[in-house]
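Asker: Supplied in structure tokens, the structure appears directly below.
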Amino acid sequence: MRICIVGAGYVGLVSAAVFADWGHHVVCIENDLQKVTRIQEGDLPVFEPGLPNLVKRNVQEGRLLFTADFTHGIQEQDLIMIAVGTPPGDNGHPNLTALWNVVKALKEYARSSMMVAIKSTVPIGTCDAVSRYLNADTEFRFDVVSTPEFLRQGTAIADFLSPDRMVIGCRTDSAKQILKKLFEPLECPVVFTDWQSAEMIKYAANVFLATKISYINTIANLCEEVGANIHQVALGIGLDHRIGPAFLKPGVGFGGSCLPKDTQAIVALGEANGVDVSLFREVLRLNHEQHMRVVKKLEKCLGGLEGKKIAVLGLAFKANTNDVREAPSLAIISRIVELGGQVIAYDPAADMEALRRLLDFIPAADPYEAVTGADAAVVLTEWEEFYGMDLQRVGDLMNNRLIIDGRNLFAPQVMSQYGFHYVPVGIPKQAPVFPITK
Ligand SMILES: NC(=O)c1ccc[n+]([C@@H]2O[C@H](COP(=O)([O-])OP(=O)(O)OC[C@H]3O[C@@H](n4cnc5c(N)ncnc54)[C@H](O)[C@@H]3O)[C@@H](O)[C@H]2O)c1
């Protein structure tokens with residue numbers, strides 16, 4: 001097939017590289033010329049394990065091309081797939097400017113009929129609106145399809161290659177057949193449905209995951225107070241097949257470019273349609289409180305943050321990505337600084353220079369530089385590099401052996417052997433003594 005992907009971000013780059021690897025001829029259009037140049041030079045704008053080699057191989061073998069030239073890029077393609085960003089906009093609704101810019105350009109420059117798949121996460125009703133717009137007053141036919149994406153950053157290629165399911169919202173049999181053929185290499189159930197249901201599935205799935213995270217974080221916070229251990233509790237509840245073990249890891253709250261934005265979008269959708277979505281509004285509030293809980297633990301242990309030096313280990317919203325969009329680190333660092341603390345931060349992949357334009361912190365070259373002279377260290381991302389730190393060296397470099405671990409990277413017993421005051425999530429320091437009731 002000849003496929004054109006519009007948008008060379010996390011989703012677009014992975015889709016383009018995998019389709020090319022399956023033997024298709026792929027043109028990836030990116031309107032940021034600097035990004036195109038970087039990609040052509042082999043310097044990808046996103047950090048995703050395995051992606052540089054996959055892109056390089058397919059470019060070298062002539063199946064994958066990057067361009068900023070929209071007019072030529074879209075001609076004579078069997079499929080145009082839109083993977084541009086849909087960032088948070090006003091009042092919780094996503095901002096669809098990039099998507100509509102692409103749709104308008106498609107209508108303006110199309111020289112033949114085409115199939116247009118929307119891979120970006122878009123509000124319910126978007127495919128319908130796009131189809132009506134494209135097919136009004138034109139000699140060509142635009143067959144619009146909804147193909148929401150479920151990959152996770154950090155494991156994007158593996159997720160793309162072995163999804164739990166594919167969801168395809170389409171209206172014509174020809175679209176169904178073409179997509180069936182395209183996704184033939186994947187061995188997973190395929191849900192063929194209407195546009196609106198496909199669009200809703202994407203939001204409903206993300207909001208469920210966000211809710212599950214806020215749920216387990218709340219249980220973990222309770223564990224800290226009543227002497228239960230969240231790891232044991234999560235194991236015990238996760239073995240119930242009605243619940244399942246995934247997404248039962250407590251932490252500092254969710255972040256990234258999807259869960260916060262998609263939960264906000266569902267709240268906005270509910271409000272616009274008179275449906276009570278207070279459950280999801282609460283999920284967002286609890287998530288913010290979970291970020292702030294880290295700061296409260298710091299304040300409690302240090303007796304206030306005025307003049308205190310805090311090492312922050314990890315800025316990306318999760319490990320194996322350089323993405324800091326809506327990362328918990330942003331809210332946590334801002335609050336520490338607001339309370340008079342000074343932050344020295346380290347992350348192996350995040351763009352420190354870009355972040356310093358948004359946040360007040362000193363970047364460190366490695367975790368040891370970050371903790372030097374620190375009154376406390378806070379772990380916010382579960383990077384493998386942190387698991388392997390020389391804890392003796394960390395303790396020796398710190399002003400105070402205090403670690404607030406938002407990711408439960410270490411065993412409490414080991415930390416106490418190294419003399420740390422160690423504060424994980426959902427694991428009490430010691431079991432409380434309850435009054436005897438008869
Ligand atoms: N990142 C994820 O893990 C993930 C997972 C599933 C779904 N999604 C959804 O997929 C969509 C894309 O997400 P992303 O994280 O890849 O976004 P991104 O911001 O990383 O990438 C989008 C790219 O599109 C480019 N772009 C914008 N307008 C363009 C235009 N007119 N022509 C060509 N290129 C243009 C941008 O410059 C950018 O490089 C979003 O709707 C997101 O919600 C993301």
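The values are calculated or read from the model by the stated rules, or taken from the named source; none is laboratory data. Here the structure is a predicted model, which means the values were calculated and not measured. Every residue, glycine among them, receives a Cβ derived from its backbone with ideal geometry; neighbour counts consider all protein chains shown. For accessibility, only protein heavy atoms count, side chains too; no ligands or nucleic acids. Shrake-Rupley method; radii C 1.70, N 1.55, O 1.52, S 1.80 Å.
Asker: Assigning unit charges at the beta carbon (Lys, Arg +1; Asp, Glu -1) and nothing else, what dipole magnitude in debye, to the nearest 20, does segment 2-193 show about its Cα centre?
Answerer: 200
Asker: In whole Å, what is the distance between the alpha-carbon centres of segment 166-185 and segment 37-98?
Answerer: Their Cα centres are 21 Å away from one another.
Asker: Can you list residues from other chains, or at least 5 along the same chain, whose modelled amide H is less than 5 Å from the amide H of A345?
Answerer: So A345 has HN proximity to V312, I362, A364.
Asker: Over the chain, calculate the relative contact order: mean separation of alpha carbon pairs under 8 Å at least 6 apart, over the residue count, as a percent.
Answerer: Relative contact order for the chain comes out at 12 percent.
Asker: Rounded to two decimals, what is Rg over Rh for segment 2-193 when you use alpha-carbon atoms and the Kirkwood radius?
Answerer: 0.93
Asker: Further question on the same structure: 7 Å from Cα along Cα→Cβ at both N399 and F192: what's the point-to-point distance in nm?
Answerer: Inter-label distance under the simple model: 6.6 nm.
Asker: Using only DSSP helix segments of four residues or longer, with each worth -39500 (n - 2.57), what per-residue ellipticity at 222 nm results for the chain after dividing by its residue count and rounding to 500?
Answerer: -13000 deg cm²/dmol
Asker: Take the Cα atoms of segment 103-200, find their three principal axes, and give me the spread along each one in whole Å, biggest first.
Answerer: 41, 25, 23
Asker: If you take the charge dipole of the chain about its Cα centre, with +1 on Lys and Arg Cβ and -1 on Asp and Glu Cβ, which of A370, A83, I29 is farthest toward its positive end?
Answerer: A370
Asker: A follow-up question, please. Residue separation times 0.36 nm, minus the C-alpha to C-alpha distance between R152 and F183: what's the value?
Answerer: Between R152 and F183, full extension yields 9.3 nm more.
Asker: Which residue, L161, G9, G42, has the largest displacement toward the positive end of the dipole of segment 2-193 when charges sit on each Cβ (Lys, Arg +1; Asp, Glu -1)?
Answerer: L161
Asker: For labels at R356 and K429 in the simple 7 Å Cα→Cβ model, what's the distance in nm?
Answerer: 3.7
Asker: Rounded to the nearest 20 debye, what is the charge dipole size of the chain about its Cα centre when +1 sits on each Lys and Arg Cβ and -1 on each Asp and Glu Cβ?
Answerer: Roughly 680 debye, rounded to the nearest 20.
Asker: Then there's this: Provide Rg over Rh for segment 208-320; use the alpha carbon set for both Rg and the Kirkwood Rh (inverse mean inverse pair distance).
Answerer: Using only Cα positions, Rg/Rh for segment 208-320 is 1.02.
Asker: Ok, one more. How large is Rg over Rh for the chain, taking Rg from the Cα atoms and Rh as the Kirkwood inverse mean of 1/r across Cα pairs?
Answerer: So for the chain, dividing Rg by the Kirkwood Rh gives 1.01.
Asker: Let me ask you something else. Report the extension gain between L339 and E108 in nm, rounded to one decimal, defined as 0.36 nm multiplied by the number of residues separating them, less their alpha carbon distance.
Answerer: Contour length minus Cα-Cα distance gives 77.9 nm.
Asker: Now for a separate question. In segment 24-101, which GluC sites (Glu not before Pro) are in a loop and have at most 16 other Cβ atoms within 10 Å, using DSSP for the loop call?
Answerer: Sparse-neighbourhood loop GluC sites (Glu not before Pro): E41, E61, E76.
Asker: Take the Cα pairs of segment 206-423, get the Kirkwood Rh, then feed it into Stokes-Einstein at 20 °C and 1.002 mPa s and tell me D in µm²/s.
Answerer: For these conditions, the coefficient is 119 µm²/s.
Asker: Right, another one. Long-range amide H contacts for L151: which residues qualify at under 5 Å (H placed 1.01 Å from N, peptide plane, sequence gap of 5 or more or a different chain)?
Answerer: It is none; the list stays empty.
Asker: Can I ask one more? Given the whole protein assembly as supplied and a 1.4 Å probe, what does the accessible area of K176 come to in Å², nearest 10?
Answerer: The accessible area of K176 comes to roughly 60 Å².
Asker: Now for a separate question. What full-extension length gain, to one decimal in nm, is calculated for A411 and H241 as 0.36 nm per residue of separation minus the Cα-Cα distance?
Answerer: Taking A411 through H241 to full extension adds about 58.4 nm, to one decimal.
Asker: Could you work out what % of the accessible surface of the chain is carbon and sulfur, using a 1.4 angstrom probe and leaving DNA, RNA and ligands out of the count?
Answerer: The nonpolar share, carbon plus sulfur, comes to 53 percent.
Asker: Go through K308/K429; K181/K318; K176/K212; K261/K300 and tell me which ones have a Cα-Cα distance over 27 Å in this structure.
Answerer: The answer is K181/K318; K176/K212; K261/K300.
Asker: Collect residues whose amide H, placed 1.01 Å from N in the peptide plane, falls under 5 Å from the amide H of A377; neighbours closer than 5 in sequence don't count.
Answerer: The answer is A311, L402, I403, I404.
Asker: Averaged per residue, what accessible area in Å² does the chain show with a 1.4 Å probe, protein chains only?
Answerer: Accessible area per residue: 46 Å².
Asker: Name the helices (complete DSSP H segments) of the chain with a Cα length along the long axis of 24 Å or more and a Kyte-Doolittle mean of at least -0.5, or state none.
Answerer: 195-226, 278-302
Asker: Could you give the size of the charge dipole of segment 206-423 about its Cα centre, using +1 on the Cβ of each K and R and -1 on the Cβ of each D and E, expressed in debye and rounded to the nearest 20?
Answerer: Taking the Cα centre of segment 206-423 as origin, the dipole is about 340 debye.
Asker: Per the Debye formula with a single identical scatterer at each Cα and no solvent contribution, what log10 I(q)/I(0) holds for segment 42-102 at q = 0.18, 0.24, 0.26, 0.28 Å⁻¹?
Answerer: Each listed q corresponds, in turn, to -0.92, -1.11, -1.14, -1.17.
Asker: If you count the DSSP beta bridges with both ends in the chain, what percent of them are antiparallel, to the nearest 5?
Answerer: 5
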